[in-house]
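Engineer: Pasting a structure here, questions to come.
The values are calculated or read from the model by the stated rules, or taken from the named source; none is laboratory data. Note that the structure is predicted; figures quoted are calculated from it, not measured. Heads up, the Cβs are rebuilt from the backbone with ideal geometry, glycines too, and the neighbour counts pull from every protein chain shown.
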Amino acid sequence: MSEQGAARESEESSSAIDDQTGSFIALRCRIPAAGADFVVESWRGSAVALAADGASGPAAYLLPLAALRFLRHLPASFIDRGRKHRATPLAKRLLGQQQIPFIEGGYRRTGRLEQSVQALLQEAARRHDANAYLIGVAPSLFDSLRDRARAGIPQEALRATPFTAQYLRLLEPSVIPSKLSKRLIGGSPEIDLVRQLIVLASDRDDPVLILGDTGTGKGEAAHAIHDISERRCHRSFVTVSCGAIAPELFEAELFGCTRDAFGGAFRRGKRGLWVLAQDGTLFLDDVADLLPRHQAMVLRALEDGTVRPVGASDPVSVHCRVIAATNRDVFSMVQAGTFREDLYYHLRPCLIRMPRLCDHPQDIPLLAKAFWTKVAPKRLELPDEVLSELARYRWPGNARELRAVLVGLETVFPFVRLRPEHVRAIFQSQRHSPDEERPNVADDARMHRVECLHHLRRADEVLRACKVLLQPFGARRISADAVTRAETTIAHRLAELGMLEMQPILFHTIATFDVVHRVAGDLAAVQSMLPDDVNRARAYWTRQLRREIAAALATVMREVERLLKKI
């Protein structure tokens, strides 16, 4: 082979390695009083995620065998110690190395593996060898230990994969407005991502769909998009409670009616809420509660930019930003045929998922302090032990429930210094127990499988949205405006995929995580091609990305079917 050919092959190999790193889950060994135990951590490409507890001693990591082949291409950081012989201890093969050593373990039973790792770490501590040791194990053995380790998953270690950092840089605005930081309280990656998506959405006219459980702050996010938009902040923000308007009055309330079109209160005519939002923001709250015929009306107004008041012969032109929100699973409704697919994808160019409070528990004390200053402005701050007690609870009602409990504390115990038992008394009066609400994942593997199902369903929905997004690339000509919109929408899809990748353990298997990760990488490649070479981006979509999305969808659905059989 010529030198140029060899160099090209080496370059292609390195590129493939860079695309694949960061996609593995690792098990870090910790040694309790008796025996070895493992906790789940993220794999961060060419660097090892060291213990989150700040310990500076030696650390052993288990990796699936498939991960080892990539480490062999990084000789500056890692050294291959071959395959372990059953008669040779790990310490003899791994200790005393300058680089991070890795070895193919060859173990068949978890008990033998745990004993060997425990002996390795004890010998490393005795020699003051504070290195990291990587041990490749068979997929079945790895999965077995991972399932057992779920009770100790350090969530903060699963929130910083290389791709997460990449898409956060992609979406990072120049400045997060101070009023947005005050409106959406929290320092977690989940809240940071929501803020950045809000800033990104505020500068465009595309519809926004906000999803999230009750009490997660969907209305706050909608108001924030309006407030920080330079084009709309001084215009009207009109809220439509889609589930609260009587069906027979919905059309007149939303689109208006002419004089004498109705009797009673409408006999003099009425300006519709959509017209009142002219040049401002129309917030369709509980949009999933729309009846099918009302969905068709909303879709027509979005597509045409016009509304027809009841009794009028001519349409009225309207121009406003539409934000929709719901706490229901709209994608399931689309599949069931109860929500229009065309309306769903018309609302979805920018999608923001509001995280549950249990998904970012580190923000509970911050939220509690902020709520307490409003609930009891004249009282002292909440003691640390009270904040710790609040952080033990799972909060199925999210921030709204947290505020309600604080109101209860102020109402029932207005003149005493609050202690944890006061918090427990409020919980008991509401028939809740913090310990009962937080499940023991180690004793209930079924709960984890249910969480994986929810996660994979979200992945399936995002992948299908990517497929819909890129369908116009099959056209012969693409306008400049369409290219610009595609760039922005791809950024949103990358953000959604990145949010899913923050919790790789919920993909259930490494193979499922890998295929979704590849789609994210290819989608980022298409985005980078769009500004300079649309034809190249189109070719990449046709030859590469379309197949990757199809493969990812098939893999996700197979994983879902396997999980359903276990539940």
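Engineer: Could you tell me which of the residues Phe250, Phe237 is over 30 Å from Pro355 (Cα atoms), surrounded by 16 or more Cβ atoms within 10 Å (Cβ to Cβ) and touching a His at 6+ places or on another chain (Cβ under 7 Å)?
Structural biologist: Result: Phe250 is the single residue among Phe250, Phe237 that is over 30 Å from Pro355 (Cα atoms), surrounded by 16 or more Cβ atoms within 10 Å (Cβ to Cβ) and touching a His at 6+ places or on another chain (Cβ under 7 Å).
Engineer: Among the candidates Gln118, Gln97, single out the residue that is polar (S, T, N, Q) and either under 13 Å from Cys29 (Cβ atoms) or in a strand (DSSP E or B) (or both).
Structural biologist: Just a single option satisfies the conditions, and that option is Gln118.
Engineer: Another question about this same structure. Condition check: assigned by TED's automatic domain parsing to the domain that holds Glu341, outside any loop (DSSP other than H, G, I, E, B), surrounded by 17 or more Cβ atoms within 10 Å (Cβ to Cβ) and more than 28 Å from the chain's Cα centre (by Cα). Does Val322 satisfy that?
Structural biologist: no
Engineer: For the range 292-332, which positions are free of Cβ contacts under 8 Å to residues at least 40 places away in the same chain and of a type in the set (Lys, Arg)?
Structural biologist: Those that are free of Cβ contacts under 8 Å to residues at least 40 places away in the same chain and of a type in the set (Lys, Arg): Arg293, Arg300.
Engineer: Hey, another quick one. Going by what's in this entry, would Leu347 be described as of a type outside the set (Ser, Thr, Tyr), touching a strand residue (DSSP E or B) at 6+ places or on another chain (Cβ under 8 Å) and either surrounded by 15 or more Cβ atoms within 10 Å (Cβ to Cβ) or modelled with pLDDT under 90 (or both)?
Structural biologist: Details: of a type outside the set (Ser, Thr, Tyr): yes; touching a strand residue (DSSP E or B) at 6+ places or on another chain (Cβ under 8 Å): yes; either surrounded by 15 or more Cβ atoms within 10 Å (Cβ to Cβ) or modelled with pLDDT under 90 (or both): yes.
Spelling it out, Leu347 is indeed of a type outside the set (Ser, Thr, Tyr), touching a strand residue (DSSP E or B) at 6+ places or on another chain (Cβ under 8 Å) and either surrounded by 15 or more Cβ atoms within 10 Å (Cβ to Cβ) or modelled with pLDDT under 90 (or both).
Engineer: Regarding the range 202-211, can at least one residue be identified that is among the basic types (Lys, Arg) and touching a Pro at 6+ places or on another chain (Cβ under 9 Å)?
Structural biologist: Scanning the range 202-211, I find at least one residue that is among the basic types (Lys, Arg) and touching a Pro at 6+ places or on another chain (Cβ under 9 Å), so the answer is yes.
Engineer: Of all residues in the range 217-230, which are out of contact with any Pro (no Cβ under 7 Å at 6 or more places or on another chain) and touching a residue at least 40 places away in the same chain (Cβ under 8 Å)?
Structural biologist: Within the range 217-230, Gly217, Lys218, Gly219, Ala221, Ala222, His223, Ala224, Ile225, His226, Asp227, Ser229 qualify.
Engineer: Residues in the range 483-491: is at least one free of Cβ contacts under 8 Å to residues at least 24 places away in the same chain and either over 26 Å from Pro64 (Cβ atoms) or buried (at least 22 other Cβ atoms within 10 Å of the Cβ) (or both)?
Structural biologist: Yes, the range 483-491 has at least one match.
Engineer: Here's a check for you: in the range 286-318, which residue that is in contact with a Pro (Cβ under 7 Å, 6 or more places away or on another chain) and in a loop (DSSP other than H, G, I, E, B) is surrounded by the fewest Cβ atoms within 10 Å (Cβ to Cβ)?
Structural biologist: Of everything passing the filter in the range 286-318, Leu291 is surrounded by the fewest Cβ atoms within 10 Å (Cβ to Cβ).
Engineer: Next question, about the same structure. Picking from Arg457, Arg477, which residue would you name as being out of contact with any helix residue (DSSP H, G or I) (no Cβ under 6 Å at 6 or more places or on another chain), charged (D, E, K, R), touching a residue at least 40 places away in the same chain (Cβ under 8 Å) and assigned by TED's automatic domain parsing to the domain that holds Gln527?
Structural biologist: Arg457 is the lone residue from the list that is out of contact with any helix residue (DSSP H, G or I) (no Cβ under 6 Å at 6 or more places or on another chain), charged (D, E, K, R), touching a residue at least 40 places away in the same chain (Cβ under 8 Å) and assigned by TED's automatic domain parsing to the domain that holds Gln527.
Engineer: Shifting gears a bit: Of Arg419, Arg438, which residue is charged (D, E, K, R) and at pLDDT below 90?
Structural biologist: None of the others qualify; the one that does is Arg438.
Engineer: Tell me which residues, restricted to the range 119-139, are surrounded by fewer than 17 Cβ atoms within 10 Å (Cβ to Cβ) and under 14 Å from Leu68 (Cβ atoms). Quick ask: steps written out before the conclusion?
Structural biologist: Step one: list which residues in the range 119-139 are surrounded by fewer than 17 Cβ atoms within 10 Å (Cβ to Cβ), which gives 119, 122, 125-128, 130, 138-139.
Within the range 119-139, Ala138, Pro139 qualify.
Engineer: When the range 526-567 is examined, which residues are found to be surrounded by 17 or more Cβ atoms within 10 Å (Cβ to Cβ) and under 13 Å from Cys466 (Cβ atoms)?
Structural biologist: Val526, Gln527, Trp541, Leu545, Arg546, Glu548, Ile549, Ala552, Leu553, Val556
Engineer: Could you tell me how many of the residues in the range 361-392 are in contact with a Gly (Cβ under 9 Å, 6 or more places away or on another chain) and either surrounded by fewer than 18 Cβ atoms within 10 Å (Cβ to Cβ) or of a type in the set (Gly, Ala, Ser) (or both)?
Structural biologist: 2
Engineer: Could you please let me know if Leu347 is hydrophobic (A, V, I, L, M, F, W, C), under 20 Å from Arg400 (Cα atoms) and out of contact with any His (no Cβ under 9 Å at 6 or more places or on another chain)?
Structural biologist: No: the conditions fail for Leu347.
Engineer: So which of Leu63, Leu68, Leu50 is within 34 Å of the chain's Cα centre (by Cα), modelled with pLDDT under 85 and assigned to a strand (DSSP E or B)?
Structural biologist: Being within 34 Å of the chain's Cα centre (by Cα), modelled with pLDDT under 85 and assigned to a strand (DSSP E or B) holds for just one of Leu63, Leu68, Leu50, which is Leu63.
Engineer: Could you go through the range 350-373 and let me know if any residue there is assigned to a loop (DSSP other than H, G, I, E, B) and more than 30 Å from the chain's Cα centre (by Cα). Reasoning before the result, please.
Structural biologist: As a first pass, look at the range 350-373 and keep what is assigned to a loop (DSSP other than H, G, I, E, B): 354-356, 360.
Next, from what is left, pick out any that are more than 30 Å from the chain's Cα centre (by Cα): none.
Looking through the range 350-373, none of the residues is assigned to a loop (DSSP other than H, G, I, E, B) and more than 30 Å from the chain's Cα centre (by Cα).
Engineer: Separate question: Does any residue in the range 251-267 that is assigned by TED's automatic domain parsing to the domain that holds Ser241 and closer than 22 Å to Leu290 by Cα come within less than 7 Å, Cβ to Cβ, of a residue that is at pLDDT below 85 and part of a helix (DSSP H, G or I) six or more places away or on a different chain, and which pairs are these?
Structural biologist: Ala252/Phe266; Cys257/Phe266
Engineer: Given the criteria over 23 Å from Asp286 (Cβ atoms) and touching a residue at least 24 places away in the same chain (Cβ under 8 Å), does Gly187 qualify?
Structural biologist: It is true that Gly187 is over 23 Å from Asp286 (Cβ atoms) and touching a residue at least 24 places away in the same chain (Cβ under 8 Å).
Engineer: Mind checking which residues of the range 504-549 are assigned to a helix (DSSP H, G or I) and free of Cβ contacts under 8 Å to residues at least 12 places away in the same chain?
Structural biologist: Correct list: Ser528, Met529, Asn535, Arg536, Ala539, Arg543, Arg547.
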